[in-house]
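Trainee: A single structure is presented below for examination.
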Amino acid sequence: MSATSELQATIEALARQGAGILAADESGPTIAKRFKAIGVESTEENRRAYRSAMLSTPGLGQYICGVILYEETLGQRADDGEPLPQLAARQGIVPGIKVDTGKIPLALAPGDEITQGLDGLAQRLDGYKQLGARFAKWRAVYNIAPTLPGRAAVEANAESLARYAAICQAQGVVPIVEPEVLLDGDHTIARCAEVTQAVLHEVFHALHRHGVVLEHMLLKPSMVVPGKANALQAGPEEVAAQTLRVLRRTVPAAVPSINFLSGGQSPEEATANLQAMNQMGPQPWLLSFSYGRALQDPAQKAWQGKSDHARDCQNALLKRARLNGAASVGKYSEAMERGD
Ligand code: 5MM
């Protein structure tokens with residue numbers, strides 16, 4: 001198959017109405033933090049057991065079209081020996097892989113960060129493809145403060161995102177481009193809108209410079225929200241209106257699907273915000289989810305590291321997947337929270 005046909009087939013599977021992406025690509029330190037919160041030690045076996053339980057959830061493929069895995073998970077197996085990427089694919093869930101290697105401080109730009117991982121990326125993608133990965137993800141992070149993010153950080157991260165996306169497409173791997181504007185701080189929603197708009201402008205300029213085919217990529221942005229330390233928080237209608245205004249100004253209609261990250265919103269908030277956006281009339285792109293915490297938090301609380309809680313863990317995950325699937329087509333209502 002040519003790289004173009006591979007990209008087309010993968011994008012069709014990922015831009016599926018009523019479904020979204022499960023972000024299960026927590027790196028070592030992040031999954032250790034999540035496990036610590038439920039009193040579980042982050043051993044390789046615990047990580048395998050948990051991620052295997054999630055991917056074995058009966059019926060998950062109805063609402064989840066793709067899963068972003070961490071490198072370790074790509075090589076792990078379910079209890080019956082089936083490789084986890086194969087288990088996902090059998091459920092109708094396309095396996096993907098986080099390919100950035102994390103962020104570091106941007107030199108000479110205090111408070112700004114840059115994401116690494118471009119060296120040897122083409123070769124790594126070859127290996128990941130052999131293990132079943134068909135799409136990839138790279139996350140750039142932007143802190144908001146009165147003077148942040150600086151121009152250099154906005155430009156450098158856009159350039160890295162675009163180079164990553166171009167390398168992926170050359171290898172027949174669909175890139176998810178994830179510019180995350182963090183919600184830490186006491187800034188207003190207007191300031192978040194200003195920063196998000198500047199970031200997305202720069203990202204799409206860079207994608208154009210590098211010849212990235214917009215039809216064969218997904219965007220994973222943060223929603224436009226006030227800083228979490230701001231006393232004036234925003235409801236779903238305001239979040240939806242502000243987010244859509246920024247997206248309509250910056251994201252070309254050729255991008256098939258926008259899959260939001262949850263960024264620290266509660267599971268219910270993330271679902272309600274997505275629902276509000278999908279209620280605001282037709283948009284040029286699908287508006288769906290690629291949540292990590294907003295899908296997994298209730299599942300982790302139910303699991304508690306105990307194998308006899310695997311079914312509760314799966315039920316909790318399936319519930320959030322189903323509700324977000326409904327929100328991605330504007331059919332979620334708060335009353336659905338009370339169902340099983
Ligand atoms: C699942 O978390 C992902 C990995 O984070 P680290 O590399 O920091 O360990 C993260 O990239 C995730 O895909 C996105 O931030 C979306 O997750 P949330 O929890 O924000 O929805």
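Rule-based calculations on the coordinates, nothing more; no lab input. Just so we're clear, the structure is a prediction, and the values are computed from it rather than from any experiment. Positions of Cβ are backbone-derived with ideal geometry, glycine not excepted, and every protein chain shown enters the neighbour counts.
Trainee: In whole angstrom, note down how far apart the Cα centers of the range 116-188 and the range 21-45 are.
Mentor: When both Cα centres are located, 21 Å separates them.
Trainee: Still on this structure, please answer the following. At 0.36 nm per residue, and after removing the present C-alpha to C-alpha distance, how many nm does the segment from residue 170 to residue 309 gain when stretched out fully?
Mentor: 45.8 nm
Trainee: Diagonalise the Cα gyration tensor of the chain and give the resulting equivalent ellipsoid semi-axes, square root of 5 times each eigenvalue, largest first, whole Å. Write down the numbers at each step before the final one.
Mentor: On the way: eigenvalues 152, 116, 82 Å².
After scaling each eigenvalue by five and taking roots: 28, 24, 20 Å.
Trainee: Also: Order these by the 10 Å Cβ neighbour count, fewest first: 11, 38.
Mentor: So the residues, fewest neighbours to most, are 38, 11.
Trainee: For the charge dipole of the range 61-157, defined by +1 on Lys and Arg C-beta atoms and -1 on Asp and Glu C-beta atoms about the Cα centroid, which residue among 153, 64, 127 has the Cα displaced farthest towards the positive pole?
Mentor: Most positive-ward Cα: 64.
Trainee: Most mobile of 29, 252, 175 per a Gaussian network model of the chain (Cα springs, under 10 Å)?
Mentor: 29
Trainee: Given +1 on the Cβ of Lys and Arg, -1 on the Cβ of Asp and Glu, and no further charges, what dipole in debye does the chain carry about its Cα centre, rounded to the nearest 20?
Mentor: Details: 34 positive and 36 negative charges, 68 e Å.
So the dipole magnitude of the chain works out to roughly 320 debye.
Trainee: Another question, if that's okay. Of 98/220; 103/137; 137/220; 36/306; 36/103; 98/129, which sit over 18 Å apart, Cα to Cα? Show your work: numbers first, answer last.
Mentor: Details: 98/220 13 Å; 103/137 14 Å; 137/220 9 Å; 36/306 14 Å; 36/103 22 Å; 98/129 12 Å.
Those over the limit are 36/103.
Trainee: Continuing with the same structure: With the contact rule set at Cα under 8 Å and sequence spacing of 6 or more, what percent relative contact order holds for the range 167-326?
Mentor: Dividing the mean separation by the residue count of the range 167-326 yields 21 percent.
Trainee: Moving on. Explain nothing, just the number: relative contact order of the chain, from Cα pairs under 8 Å at least 6 residues apart, as a whole percent.
Mentor: 18 percent
Trainee: Another question, if that's okay. Projecting each Cα onto the charge dipole of the range 263-324 (Lys/Arg +1, Asp/Glu -1 at the beta carbon, about the Cα centre), which of 309, 287, 273 comes out farthest on the positive side?
Mentor: After comparing all options, I get 309.
Trainee: Next question. In nm, what is the difference between 0.36 nm times the number of residues separating residue 228 and residue 279 and their Cα-Cα distance?
Mentor: On the way: separation 51, 0.36 × 51 = 18.36 nm, distance 2.47 nm.
So the extension gain works out to 15.9 nm.
Trainee: Hey, another quick one. Suppose R0 equals 30 Å. What FRET efficiency, 1/(1 + (r/R0)^6) with r the Cβ-Cβ distance, do residue 32 and residue 79 give to the nearest 0.05?
Mentor: 0.85
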